[in-house]
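Notes follow the structure.
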Amino acid sequence: MQAAPSSPSSALLIVDMQQGLFNGAERPHEAERLLANVQLLIGKARAAGAPIFAARHTGPDGSPIAAGSAAWQLLAALDLDPARDKVFDKRRPSCFHGTELARRLAEAGVGELHVAGLKTQYCIDTTCRAAADLGLKVVLVADAHSCMDTPALPAGAIIAHHNATLNGPFATLRAAADCDFSS
């Protein structure tokens, strides 16, 4: 068994930034700011040589986000390169359930995971909690995750609630501009 690095490195995890979720009938709250902040994080991670992981939610055959469909594709504006970046598919809200993410993070010596993307109350929340349970230091990028309005709450309230709820026991909040991948 390999010993954990004394100074674990940082990585970026982009969750479900897909055509169908970003450009669907309902756009995410502050969609352009979300995209700009995720692009900023990608640039910072690349400049520091930090690994970038991108999760793509995959629905069942015949669903709008079935594997291979136009809506399933990651946003081209992210400029992700599957040869360089680690793109993987998931079928559940957790980026860890049924995927190789935990193993791949461990192999890369990652101890700090910056989380950004869609949707706040589903995959972002679940992934932050799962990552913390696995012993990772989670940085929830407070201005780089979003969702849509629901009948019960506007998206801004959902985002604020999750930032407040996850901060502390499950994650540390940080603005995209303040994220540092050099550790």
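The values are calculated or read from the model by the stated rules, or taken from the named source; none is laboratory data. Here the structure is a predicted model, which is why all the values come from computation and not from measurement. Note: ideal-geometry Cβ built from the backbone for every residue, glycine included; neighbour counts use all protein chains shown. Side chains are part of the model used for accessible areas, which takes the heavy atoms of the whole protein and leaves out ligands, DNA and RNA. Shrake-Rupley method; radii C 1.70, N 1.55, O 1.52, S 1.80 Å.
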Here the net charge surrounding A66, from other residues whose Cβ is less than 15 Å away from its Cβ (Lys, Arg +1; Asp, Glu -1), is 0
Taking a probe of 1.4 Å and leaving out DNA, RNA and ligands, the stretch 30-183 shows per residue an accessible area in Å² of 45
Picking from D16, D133, D125, which is most flexible by a Gaussian network model of the chain using Cα springs under 10 Å? D133
Starting from 0.36 nm per residue, how many nanometres of slack lie between T165 and S182 once their C-alpha separation is accounted for? 3.4 nm
Around A25 (Cβ within 15 Å, Cβ-to-Cβ, excluding A25; K/R +1, D/E -1) the net charge comes to 0
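Please report the carbon-and-sulfur percent of the accessible area for the stretch 40-157; probe 1.4 Å, protein heavy atoms only, DNA, RNA and ligands left out. Can you show the working numbers first?
Details: 2790 of 5140 Å².
Roughly 54 percent, rounded to a whole number.
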Hand me the trypsin sites (Lys or Arg not before Pro) from the stretch 1-99 located in a DSSP loop with no more than 10 other Cβ atoms within 10 Å, in residue order please. R84
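Could you work out [θ]222 nm for the chain from helices alone, using -39500 (n - 2.57) per DSSP H run of at least four and dividing by all its residues? Round to the nearest 500 deg cm²/dmol.
Details: 5 runs with 50 residues, N = 183.
Only helices count here, giving -8000 deg cm²/dmol.
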Work out which GluC sites (Glu not before Pro) in the chain are exposed loop sites (DSSP not H, G, I, E or B, at most 13 other Cβ within 10 Å) and give the longest gap free of them. 101-183
Taking R0 as 30 Å and r as the Cβ-Cβ distance between A175 and A83, the FRET efficiency 1/(1 + (r/R0)^6), rounded to the nearest 0.05, comes to 0.50
Summed residue charge, Cβ within 11 Å of Y122's Cβ, Lys/Arg positive, Asp/Glu negative: 0
Check: the chain dipole with +1 on Lys, Arg Cβ and -1 on Asp, Glu Cβ, in debye: 280
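If you restrict to DSSP beta bridges whose two residues both lie in the chain, what percentage is antiparallel, to the nearest 5? Intermediate results must be reported in sequence, preceding the final value.
Numbers: 1 of 28 bridges.
Given both bridge residues lie in the chain, the antiparallel proportion sits at roughly 5 percent.
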Length gained when the stretch R91-R33 is fully extended (0.36 nm per residue, less Cα-Cα span): 18.2 nm
From phi via Karplus (6.51, -1.76, 1.60), per-residue ³J(HN,Hα) for the stretch 66-81 in Hz, x at Gly/Pro: 5, 3, x, 6, 4, 5, 6, 5, 5, 4, 4, 5, 6, 6, 7, 10
